[in-house]
Amino acid sequence: MEIKIGIQNIGREIVLESAQDADALATVVEEAITKGTELRLKDDKGRIIIVPGNALGYVEIGAEEARKVGFGQF
């Protein structure tokens, strides 16, 4: 699942792929925002991304989608 994180006063967003489900991610993001704690996510390659909760501009959690294979879908 693709996750995009926008940080306040920063022009670029952080984009990562995660194996976690959307509901679990939404809960972690909500907790970081409400409590002002760090947002700590692990991507599908094992890297850990840490963002201060009070610096978050937005978090976009993509829909789970099967990967398409081939040159075109008809």
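The values are calculated or read from the model by the stated rules, or taken from the named source; none is laboratory data. Not measured: the values here are computed from a predicted model. Here the Cβ positions follow ideal geometry from the backbone for every residue, glycine too, while neighbour counts run over all protein chains shown. Note: accessible area is taken over every heavy atom of the protein model, side chains too, but ligands, DNA and RNA are not part of it. Shrake-Rupley method; radii C 1.70, N 1.55, O 1.52, S 1.80 Å.
Summary of values
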read-out	value
Hits in the stretch 32-59 (condition: open to solvent by less than 100 Å² (accessible area, probe 1.4 Å) and of a type in the set (Ser, Thr, Tyr))	37
Those strands (runs of 3 or more DSSP E) lying entirely in the stretch 1-53 with at least 2 residues of a type in the set (Lys, Arg), under 11 Å from the mean Cα position of the chain (by Cα) and closer than 21 Å to residue 63 by Cα	38-42
Options 29, 15; residue that is exposed (fewer than 13 other Cβ atoms within 10 Å of the Cβ) and of a type in the set (A, V, I, L, M, F, W, C)	15
Looking only at the stretch 60-71, and only at residues there that are open to solvent by less than 90 Å² (accessible area, probe 1.4 Å) and closer than 18 Å to residue 1 by Cβ, the one that is modelled with the lowest pLDDT	66
